[in-house]
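Beneath this line is the structure, given in structure tokens, with notes to follow.
The values are calculated or read from the model by the stated rules, or taken from the named source; none is laboratory data. Predicted model, so just to flag it, every value in this text is computed and none were measured. Heads up, the Cβs are rebuilt from the backbone with ideal geometry, glycines too, and the neighbour counts pull from every protein chain shown. The protein model used for the area step is the full one, side chains on, heavy atoms only, and it has no ligands, DNA or RNA in it. Shrake-Rupley method; radii C 1.70, N 1.55, O 1.52, S 1.80 Å.
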Amino acid sequence: MALLWCTEALPLAVTALFPVLLFPLMNIMDSTVCREYLKDTNMLFIGGLLMAIAIEKWHLHKRIALRVLLITGVKPALLLMGFMVVTAFLSMWISNTATTAMMVPIAQAVLDQLHESEMESKTAGQESENINKAFELQEEPTKLNKEEPTKPNNSTGTEQKDEKHKKLSKGLSLSICYSASIGGIATLTGTTPNLVLKGQVDELFPGNGNIINFASWFSFAFPTSLVLLVLAWIWLQILYLGFNFQKNFGCDRSPSAKAKEQQAYAIIKEENKKLGSMKFAEIAVLVLFILLVLLWFTRDPGFIPGWATVLFNKNNTSFVTDATVAIFISILLFIIPSEIATSTKDKKQPGKLTKALLDWTSVHQKMPWNIVFLLGGGFALAKGSEESGLSAWLGTKLTPLQEIPHPAIALLLCLLIATFTECTSNVATTTLFLPILASMAQNICLNPLYVMLPCTLSASLAFMLPVATPPNAIVFSYGHLKVIDMAKAGFVLNILGVLTITLAINTWSSSLFKLHTFPSWANGTGSC
């Protein structure tokens, strides 16, 4: 399965179905393996995606994007920051691919306008120069020879402007795909590897007390993604805008630069104007989205009893999970109408049905069912590895790592995963490695989360190749970038990412998850 996932000789979802066929034939497990394909984590994934599809259907994400860009403005460094902040925020809630697909055309429109303005200002400058030359020639014809050497300077200036525009285009394109991947790690439903981790932890350690939930993950991953986003912004500035930060922030702008920025700003303003005022459907989806996030955060915050514990308590436990909340809000999306009857004429038309905020046709078109099977295949593989004793055997083979300091183990594993994920699917990478890492950690009496958390984040550090992740491929298809551009920028960002994750698990995450103590729920053999 690992080989087929890496080579994609068969579709990923088809490979994920192998356990259903092979486990019973090989006497590993009976057909109860099918239960692994629709667990709590899969339902959380489906519920999160239904919300994302509703947001996309009513263009709420585009409205948020344009509003933020109007606030940040179009100075090079701030433009870069604006696109990165918007893309990262949106990819926390909707798929990284959908976010990138929406943001790149907006960026393209802004870049085209900036370039057009540059060309116009250049043409105007040349015309005025030619008029001045004509007057000079009338007064002193001999000046012709003196003016000739200046001609190459115009072409050089044009080339410099084109080169500058190309660099800005590259920087802006990379900023979108990188921030989509960085933003996705911040929330539990932001990207699939996060959900794979939750599923694997619940599968391998049933008594973990729901240690990975929306609130605990956000507390760990959001600061990490924020630090990485700032580092990515600084690195892309240095690489494509140069070291002149004063100029990048527009502190010494010429009148022509101001005019150029105003025209680009007008494009964003016009796009925002086209959306019109917020419709009832947009407001309803926004309210439900905010409600979903609030319910996720307050279900089990950790430092105080959550609403699930207070309202639905049975023998000091609650059966309500993050998936319960996601499905509740998803069902409301199919019930609440997308518009309200405002006139008596509308009310008197019984045949006229108002559509709900979400319909199954939209879901059918946009729901990636293949990922649901892929998640399930990963859980089935983990269960099979546990039942057959493969995980335990692999874990014992990795016990020599006990001699290495724990931070060094985490750092080496992060580098390994970050390299591996450039060539394979992020989901496949986490699915393959997490059960092995869990067994290894148990055998050397190390908290499993100390290696599982950083490796899950490292699986999203796919920055170097266009094939590494769909956002990279989308950006690459627009033609601004060469593979070497992505590899050069991505290599440094991969290193920065691994260092940021290593910092995170040894500082704030350590106290959050008690990573330096071996938990009782992981002590299955009783040897630690």
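Think of the stretch 348-494 as having a plus end and a minus end, set by charges on the Cβ of Lys, Arg, Asp and Glu; of G376, G389, I436, G376 sits farthest toward the positive end of this dipole. Residue by residue, what Karplus-based ³J(HN,Hα) values in Hz, rounded to whole numbers, does the stretch 187-196 have, using 6.51, -1.76 and 1.60 with θ = phi - 60° and x for Gly and Pro? Karplus-based 3J(HN,Hα) across the stretch 187-196 equals 10, 4, 9, x, 8, 4, x, 4, 6, 4 Hz.
Using the Cα gyration tensor of the stretch 368-511, with a ≥ b ≥ c the square roots of its eigenvalues, what is the shape: rounded (a/c below 1.5), prolate (a/b larger than b/c) or oblate (neither)? Provide the component values of the computation, followed by the final result.
Numbers: a/c = 2.50, a/b = 1.41, b/c = 1.77.
Judged from the Cα gyration tensor, the stretch 368-511 comes out oblate (a/c at least 1.5, b/c at or above a/b).
The residues of the stretch 400-528 present an accessible area of 38 Å² per residue when probed at 1.4 Å with all protein chains retained. Given the pairs K397/K514; K75/K258; K39/K355; K62/K482; K198/K397, which span a C-alpha to C-alpha distance of over 20 angstrom in this model? Over 20 Å Cα-Cα: K397/K514; K39/K355; K62/K482; K198/K397.
Solvent exposure of the stretch 69-116 amounts to 28 Å² per residue of accessible area, where only protein heavy atoms count and the probe is 1.4 Å.
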